[in-house]
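Trainee: After the structure tokens below, expect a handful of questions from me.
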Amino acid sequence: MNKGKSRLRTTRRVVQAAFLLLFLYLILRTAEPLPASAPVSIFLRSSPLLALTAMLSSRAWIAAFVPAIVVVVLTVALARVFCGWICPFGTTLDITDRFLSRFRQKRKPDAATQQRYHPVKYVVLTIVVLLAVFGVQVAGWFDPICIATRTYGTVAYPYFNFVAEKTLQTAVRSNFLPGFVAWLDQAAHQSVLAFTQPVYRAHLVFLAVFVGIVLLGLLERRFWCRHLCPLGAIFDLISRVSFLRRYVRDGCTNCMRCQRECKMGAITGKGEMTAPGECIECFACDAVCPEGVSTFSFSTGKAQRAKSVGLSRRGFVGAVAGGIAAVPALRTNFARSEGLFRFVRPPGGDEEEKFLAECVRCGQCMRVCITGGLQPALLEAGLEAMWTPKLVPRVGYCEYNCTLCGQVCPTGALPILTEEEKHETVIGTAFFDRNRCIPWAENRNCAVCEECCPTPTKSIELRDTGLVDEVTGEPLRRPYILPEVCIGCGLCEYKCPLPAQAGVLVGPIRDPDDPRLRQMRARRRRRRRRGRGGGRGGDGGGD
Amino acid sequence: MRTMTRRGFLREGTLASAGGAAFALGLCSQCGQQPELKLKLPKENSLSRDLAVAHGADPAQITKAAIDALGGLGKLITPGDVVMVKPNISWDMPPALAATTNPDVVATVVELAVEAGAREVHVLDHTLNEARLTYKRSGIAEAAERAGATVSFVRGKNDRHFKELPIEGGVSMTSWPLHDILTKANVLINVPIAKHHELTRLTLGMKNLMGLAGGERGAWHPDIAQRLADVNSAVKVDLTIMDAFRILVDDGPRGGSPDDVKETHQMIAGVDPVAVDSYAATLFGLKGEDINYVKAGHERNLGEIDINKVKIREVTA
């Protein structure tokens, strides 16, 4: 074992831990109050895959993705160091792989077998990019940063919060060391616990995706990164011209320890060959090299490069054909083409086609939503819309003064709004279900929706009926919506005292020619032309 | 030293967790035996039974003047008391739009309570808009904390502090989840703001107690008068200080437009919640009789609805 060099591996592990902790911290802080300067979506904005596909599918330059360009430059210099040192999902897999190691098959296949499926990631990449060219955004389903954001933000954190909160409540009830428990309760709520328990629809789906990828680690370490990750495929392509490379100096005894240790299957030949695109610069090989001849450097001399396993011509043609076939498969959408389904989108996401093209389904808006009303769509509006955010007012409404979702959106699919702009932002229209609404169905007075309505001129009006309340005998008044004032925030539906389904519901924007909509859209276009692609100050694209 | 094997670790770990679980269960079984929660009783006091109305251009000064006109908080609070001050923090609105109690008024009440020797002063409200936003924008959290209060959030209608408590003598309901601060505090000072309200015409002091109720409060509305009379019979308010520095005359209870705000520059204080509300109604050109829940409160002997029968001490500050 080479003591001096194993320090590099230790350094890498410390850096990995630091980036994972930073990632988790930013997930934690993606909540009210949003830190003024912390760029909570910086990891997402560092993904060249998201940058490329979001810009392709929305056909616009998105300034918020400057960090991704930095990562590309980093990759040119240091190869796939992002995968080995920075990627929070890669680090997560390193951890889970370690736990799975005792169940993994011991017999290690030879290098050729190991690398047989490496090209799959190029197929994924080709299809994802091709779909983006046709304006279909599916990169978020496969981007590892997106997967990590969804898993930690909408699965791991809510689970953690649930367990911690229940434990604390039991401690509070037990009256055991009450002073200490009260202090702990307060400290926990001020630091790591959520204001109220976050609950995400279909979190089990996200959990299943995550667990599935983790379990692939039973076959090989970093199975996802080797064979499937489209972001890794991008880095792989760039790495072929990178400066940092592995060299094996004279003195190699061909003991093949490095080959056995390599978690990416990048080392071939007699231990001296390295596939530059596969190596993630984890420095495990030089840590285990008994002769100390495995080394990394920037020198341009004789590198023993193994041929990188690329996509064969046949494979590429197949991937392109698959990608093109996927376009109609995803876009020929019964639910949407027939107008059967339309969501109440978060503020500023009112142009559905544009929104679908720009949203990368990362879940940040759902994570930050102050009322918890933003929830992932499943298949109700077709596969294309899967995991995009929609407002479920019965769970949480759109808070009048809140502009958090636009501030965290990594792509600008949700624009940054000032408070004044937000007040004028129409996201839907409310309507009454007269078969349920209490004054309509039961002839009893009720005005919860009217009293809550946040527009300065109320969007709900109580009108005299000439009837009386059947119990109190007071004059009965019934509520009416004023659609030209209503912004569709859903507070009425949220607060309606009826159990389960409310008597007032928020549906999509009623009037497609609403002058307020035209104003909003014109303002967005003006801003976009001025080069504000969305994003928070300090994150690259802020205003 | 014995080495810890994995098997040994698992065995001992299992034993230890079983022990821990048994201990935790033991603790839990204790919780069931906790003393039954009881709502606070009225606090005996020697405050004047009159109604104090203070006029002036500074909200803090007229608050103090109104309280002093009744004899000062020293006549209500004895050293060591736990005081609950209940402002209206319901809406994410700045003080100037008169949707929430004026922060200077809340701060003054807290200061005077601390001066009178209160051991703890609590400020909280079950808000309609998101609590973190309303506590901040209303200016109340900061002002109350600076004045020495413990300000805590109510985390939605299922907050664990809401406990099903009996509504003694309730006509429309016999129990409801109420904030457990009402079982810990022995003095309750209600600090509402006078506002327009479409359903009941006005939202006043008696209605402000809705902020101490959890659960589906909206379901009270068809029977709002009796429900509010119920909750006001069960929850004993010791002193009401009605913020009428600015009142909201239309589009209430949330407002949102400066056109709906009227500067009335008054503070009304009294131990009789019905009388305070009746007087406040006159600022809107109405009488207590016009407000269904005030009328119901009077019929339940919660106070005097005819302000001509109440002695009013007018002061200027």
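Trainee: Going through segment B:77-107 one residue at a time, which ones are within 15 Å of the chain's Cα centre (by Cα), more than 14 Å from chain A (Cβ to nearest Cβ) and not charged (D, E, K, R)?
Mentor: B:Val82, B:Val83, B:Met84, B:Val85, B:Pro87, B:Ile89, B:Thr101, B:Asn102, B:Pro103, B:Val105, B:Val106, B:Ala107
Trainee: Considering only residues that are within 12 Å of chain B (Cβ to nearest Cβ) and in contact with a strand residue (DSSP E or B) (Cβ under 6 Å, 6 or more places away or on another chain), which ones fall in segment A:484-505?
Mentor: A:Cys492, A:Glu493, A:Cys496, A:Val504
Trainee: With respect to the numbered conditions (1) modelled with pLDDT of 95 or more; (2) surrounded by fewer than 21 Cβ atoms within 10 Å (Cβ to Cβ), which one is the sole condition not fulfilled by A:Val504?
Mentor: Failing condition for A:Val504: (2).
Trainee: Now for a different question. For the condition aliphatic (A, V, I, L, M), at pLDDT 95 or above and farther than 21 Å from B:His179 by Cβ, what is the one hit in B:Ala149, B:Ala116, B:Ala141?
Mentor: Result of the check over B:Ala149, B:Ala116, B:Ala141: B:Ala116.
Trainee: Would you pick out the residues in segment B:146-156 that are more than 15 Å from the chain's Cα centre (by Cα), surrounded by 15 or more Cβ atoms within 10 Å (Cβ to Cβ) and either outside any loop (DSSP other than H, G, I, E, B) or within 14 Å of chain A (Cβ to nearest Cβ) (or both)?
Mentor: B:Ala147, B:Arg155, B:Gly156
Trainee: Please enumerate the residues belonging to segment B:280-306 that are buried (at least 21 other Cβ atoms within 10 Å of the Cβ), touching a Ser or Thr at 6+ places or on another chain (Cβ under 9 Å) and within 21 Å of B:Ile247 (Cα to Cα).
Mentor: Once the filter is applied, which keeps residues that are buried (at least 21 other Cβ atoms within 10 Å of the Cβ), touching a Ser or Thr at 6+ places or on another chain (Cβ under 9 Å) and within 21 Å of B:Ile247 (Cα to Cα), segment B:280-306 yields B:Gly288, B:Ile291, B:Tyr293, B:Val294, B:Ile305.
Trainee: Name the residue that is surrounded by the most Cβ atoms within 10 Å (Cβ to Cβ), counting only residues in segment B:218-261 that are basic (Lys, Arg) and within 14 Å of chain A (Cβ to nearest Cβ).
Mentor: B:Arg254
Trainee: Which numbered condition trips up A:Phe431, out of (1) touching a residue at least 12 places away in the same chain (Cβ under 8 Å); (2) not in a strand (DSSP E or B)?
Mentor: The one condition A:Phe431 does not meet is (2).
Trainee: For segment B:249-278, give me the residue count where each residue is of a type in the set (Ser, Thr, Tyr), at pLDDT 95 or above and within 24 Å of B:Trp91 (Cβ to Cβ). It would help to see each step written out before you state the result.
Mentor: We begin by selecting, within segment B:249-278, every residue of a type in the set (Ser, Thr, Tyr); these are B:257, B:264, B:278.
The next check asks that each one be at pLDDT 95 or above; those that pass are B:264, B:278.
Filter again for within 24 Å of B:Trp91 (Cβ to Cβ), leaving B:264.
Number satisfying all stated conditions: 1.
Trainee: Any chance segment B:112-131 includes a residue that's in a helix (DSSP H, G or I) and either in contact with a Lys or Arg (Cβ under 6 Å, 6 or more places away or on another chain) or under 24 Å from B:Pro258 (Cβ atoms) (or both)?
Mentor: No, the conditions are met nowhere in segment B:112-131.
Trainee: Considering (1) surrounded by 22 or more Cβ atoms within 10 Å (Cβ to Cβ); (2) more than 14 Å from chain A (Cβ to nearest Cβ), say which one B:Thr200 fails and leave the rest.
Mentor: It is condition (2) that B:Thr200 fails.
Residue-by-condition table, conditions (1) away from chain B (no Cβ under 14 Å); (2) of a type in the set (Lys, Arg); (3) more than 30 Å from B:Asn292 (Cβ to Cβ); (4) not in a loop (DSSP other than H, G, I, E, B):
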residue	(1), (2), (3), (4)
A:Glu399	no, no, yes, no
A:Gly406	yes, no, yes, yes
A:Pro410	yes, no, yes, no
A:Asn443	no, no, no, no
A:Pro456	no, no, no, no
A:Glu461	no, no, no, yes
A:Thr472	no, no, no, no
A:Pro479	no, no, no, yes
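Trainee: Scan segment A:493-514 and report the pairs whose first residue is without any contact (Cβ under 8 Å) to a residue 60 or more places away in the chain and whose second residue is surrounded by fewer than 20 Cβ atoms within 10 Å (Cβ to Cβ), with Cβ atoms within less than 6 Å and a gap of 6+ or a chain change.
Mentor: Correct list of pairs: A:Pro497/B:Glu216; A:Pro497/B:Ala219.
Trainee: Scan segment A:174-229 residue by residue and report those that are of a type in the set (Phe, Trp, Tyr) and outside any loop (DSSP other than H, G, I, E, B). Reasoning before the result, please.
Mentor: Our first condition is that a residue be of a type in the set (Phe, Trp, Tyr); within segment A:174-229, this holds for A:176, A:180, A:183, A:195, A:200, A:206, A:210, A:223-224.
Those that are of a type in the set (Phe, Trp, Tyr) and outside any loop (DSSP other than H, G, I, E, B): A:Phe180, A:Trp183, A:Phe206, A:Phe210, A:Phe223, A:Trp224.
Trainee: Tell me, yes or no, whether segment B:188-208 has at least one residue that is assigned to a loop (DSSP other than H, G, I, E, B), without any contact (Cβ under 8 Å) to a residue 60 or more places away in the chain and of a type in the set (A, V, I, L, M, F, W, C).
Mentor: Yes, some residue in segment B:188-208 is assigned to a loop (DSSP other than H, G, I, E, B), without any contact (Cβ under 8 Å) to a residue 60 or more places away in the chain and of a type in the set (A, V, I, L, M, F, W, C).
For every residue, the table says whether it meets (1) at pLDDT below 95; (2) assigned by TED's automatic domain parsing to the domain that holds A:Asp97; (3) surrounded by fewer than 21 Cβ atoms within 10 Å (Cβ to Cβ); (4) not aromatic (Phe, Trp, Tyr).
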{"position": "A:Tyr157", "(1), (2), (3), (4)": "no, no, no, no"}
{"position": "A:Asn161", "(1), (2), (3), (4)": "no, no, yes, yes"}
{"position": "A:Glu165", "(1), (2), (3), (4)": "yes, no, yes, yes"}
{"position": "A:Gly179", "(1), (2), (3), (4)": "yes, no, yes, yes"}
{"position": "A:Leu184", "(1), (2), (3), (4)": "yes, no, yes, yes"}
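Trainee: Please list, ordered by first then second residue, the pairs with beta carbon atoms under 7 Å, 6 or more apart or interchain, first in segment A:148-174 and facing another protein chain (nearest Cβ under 9 Å) and in contact (Cβ under 8 Å) with a residue 24 or more places away in the chain, second assigned to a helix (DSSP H, G or I) and crowded, with 17+ Cβ neighbours inside 10 Å.
Mentor: Listed pairs, sorted by first residue: none to list.
Trainee: Test B:Thr5 against the criterion of being modelled with pLDDT under 95 and among the polar types (S, T, N, Q), and give yes or no. Lay out the reasoning, then the answer.
Mentor: Numbers: modelled with pLDDT under 95: yes; among the polar types (S, T, N, Q): yes.
So B:Thr5 fits the description; yes.
Trainee: Quick check on my filter: what residues within segment B:115-133 are within 14 Å of another protein chain (Cβ to nearest Cβ) and in contact with a Leu (Cβ under 8 Å, 6 or more places away or on another chain)?
Mentor: B:His126 - this is the single residue of segment B:115-133 that is within 14 Å of another protein chain (Cβ to nearest Cβ) and in contact with a Leu (Cβ under 8 Å, 6 or more places away or on another chain).
Trainee: Here is a follow-up. Just for segment A:8-48: of the residues that are under 23 Å from A:Arg361 (Cβ atoms) and among the basic types (Lys, Arg), which one is surrounded by the most Cβ atoms within 10 Å (Cβ to Cβ)?
Mentor: Top of the filtered list is A:Arg45.
Trainee: Something else: Which condition from (1) outside any strand (DSSP E or B); (2) surrounded by fewer than 21 Cβ atoms within 10 Å (Cβ to Cβ); (3) not basic (Lys, Arg) is the one that A:Tyr247 breaks?
Mentor: Of everything listed in (1) outside any strand (DSSP E or B); (2) surrounded by fewer than 21 Cβ atoms within 10 Å (Cβ to Cβ); (3) not basic (Lys, Arg), A:Tyr247 misses just condition (1).
Trainee: Now for a different question. Can you pull out every residue in segment A:22-57 that is in a loop (DSSP other than H, G, I, E, B) and over 21 Å from A:Trp141 (Cβ atoms)?
Mentor: A:Arg29, A:Ala31, A:Glu32, A:Pro33, A:Leu34, A:Pro35, A:Ala36, A:Ser37, A:Ala38, A:Pro39, A:Val40
The values are calculated or read from the model by the stated rules, or taken from the named source; none is laboratory data. None of the values given here were measured: they were computed from a predicted structure. All Cβ positions, glycine included, derive from the backbone under ideal geometry; neighbour counts span all protein chains shown.
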